[in-house]
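Notes follow the structure.
The values are calculated or read from the model by the stated rules, or taken from the named source; none is laboratory data. These figures come from a predicted structure and were not determined experimentally. Here the Cβ positions follow ideal geometry from the backbone for every residue, glycine too, while neighbour counts run over all protein chains shown. Just the protein is used for accessible areas: all its heavy atoms, side chains included, with ligands, DNA and RNA removed. Shrake-Rupley method; radii C 1.70, N 1.55, O 1.52, S 1.80 Å.
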Amino acid sequence: MYCSKCGVNLSAGAAFCGSCGTPTGTPAAAIARPSSAASYVGGSSHTAYADPAGLVVSRGFTYAGFWLRLVAFLIDGGIMLVAGGVLLVPLFMLTGVGTRLNALVDRHGQPDPAIVVGFVAMIAVYAGVLMLMQWLYYAYLEGGERQGTWGKQMMGVYVTDLMGQPITFGHASGRFFAKIVTGMIPIGIGYIMAGFTERKQALHDMIAGCLVLRR
């Protein structure tokens, strides 16, 4: 088969001329599909495959469903609650937050502005510490060797990129902070999406380009 424009000899099944880029007229469906070892999990509009989600099954991958992920989320939430208590209760006592709170009450509705500012600042610091702790927990474990938090490991699920490969700490960090957007969607729809989207992705998975799979 030869290119109708430049005359270059084309390989069988080629969709475009490798020299000038002219379409050959061969349907995309007729192009030979690579072996499963060379396949990848895509999903973006520029991939050459009409059914990228099917490649996951062909490589032996199984998507983690909503309920598995929910249980893993609850386990991780319990771990974070305990860790937060262990970390913040001593800080609460050492920084004298209780004393400042009593001072606010004892002023009979007229608290000292300096005490109010100090109290709000300490609450902001505690919130920042909790956010830092959660970020490191999720990003380090999901970007690590086991590819999942302790809750996910207990439920036998793990996080990958769209090619089914392990993600880095930076990629896992992006997925963690994308949950801020997911949390903005009313009544948890951003999370519930993991139950009905084609690849069982929550909104933050889509934003970060991740999959959650079963072992």
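Compute the accessible area per residue over segment 168-215, keeping the other protein chains in place, probe 1.4 Å, unit Å². All intermediate terms of the calculation are to be shown ahead of the outcome.
Details: 2380 Å² over 48 residues.
Here the per-residue accessible area is 50 Å².
Report the net charge of residues surrounding GLY188, where surrounding means a beta-carbon distance below 13 angstrom and charges are Lys +1, Arg +1, Asp -1, Glu -1.
Once all neighbours under 13 Å are counted, the net charge is +2.
Calculate, in nm to one decimal, what PHE119 and LEU132 gain on full extension: separation in residues at 0.36 nm each, minus their alpha carbon distance.
Numbers: separation 13, 0.36 × 13 = 4.68 nm, distance 2.01 nm.
Taking 0.36 nm per residue and subtracting the Cα distance, the gain is 2.7 nm.
Order the peptides 182-190, 130-138, 68-76 from the highest to the lowest mean number of other Cβ atoms within 10 Å of their residues. Walk me through the numbers before you get to the answer.
Working: 182-190: 12.2, 130-138: 15.2, 68-76: 17.4.
With the highest mean Cβ count within 10 Å placed first, the list reads 68-76, 130-138, 182-190.
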